[in-house]
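Comments concern the structure below.
Nothing in this text is a laboratory measurement; each read-out follows from the coordinates by a stated rule. Keep in mind that this is a model prediction, so the values were computed, not measured. Methodologically, a virtual Cβ is constructed for each residue, glycine included, from the backbone with ideal geometry; neighbour enumeration extends over all protein chains shown.
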Amino acid sequence: MGISKIKVCCLIIFLLAAIQDVAAQINFGIKAGYLRSKTATEIIDKWHNGFCAGAVLSYDISKEFALRCDLFYSTRGYELNDGTMDENGVTSDVKANFGYINLPILVEYNVLPFAAIQAGPQFGLQTNRTLYYDDVKQNDALFGEKQIFDFSLVVGIKLKYKNLFAELQYQHGLTSAYRHVDIFKTKAISVNLGYMFNLKK
């Protein structure tokens, strides 16, 4: 029985040491930025202005590589001049806003001590959407069938200085904002600023 207790104590000490070692490699932060998107690139030329904001979690695999997992909210959409016409032949500008909760899982490679490149998949959930004709909010029934799940690929460049970082990211959507309509896939560029908290003191 005494030997078993010693084994258990050794196992607990080993697990605590392993957890402490993993925790020492984890970094937490926040970010916010400007997001410029097109959700129907095949038919619409006008960019949509939006934003993104959320949390950042990074795990240092080595000095060169890190695994990055963010959780943030973003707004995307599309705009079309004279995009609809009523029964009297009067046209109206169309603007559609979409809100998403996003979960990108990125691999970061440090090409320099202050610079890294990023790449990986991004998963999302469409949480809300709003349609406007000439800046007047319309009934959601005028929208197409909602596509809740969103999937895209993300690449980016990150610059960092102490606890601060700035990044430029490109998002290439692979799913449409509407079900059964394939042309509403988002392409977006975002410029983000962030701060990583020092939790290792």
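Using the Cβ of Leu106 as centre and a radius below 11 Å, the other residues enclosed give a net charge of -1, where K and R count +1 and D and E count -1.
The loop-placed trypsin sites (Lys or Arg not before Pro) in the range 89-183, going by DSSP, that have at most 16 neighbouring Cβ atoms within 10 Å of their Cβ come out as Lys162, Arg179. Of the cross-linked pairs Lys31/Lys146; Lys162/Lys187; Lys158/Lys187; Lys38/Lys162; Lys46/Lys160, those separated by over 24 Å at the C-alpha level are Lys31/Lys146; Lys162/Lys187; Lys38/Lys162; Lys46/Lys160.
Sparse packing (at most 12 other Cβ atoms within 10 Å of the Cβ) combined with a DSSP loop state is found for the following GluC sites (Glu not before Pro) in the range 97-201: Glu145. Averaging over all projection directions, the Cα-based convex hull of the range 122-201 occupies 7.7 nm² in the image plane. Summing charges over all other residues whose Cβ lies under 12 Å from the Cβ of Gln147, with Lys and Arg as +1 and Asp and Glu as -1, gives +1.
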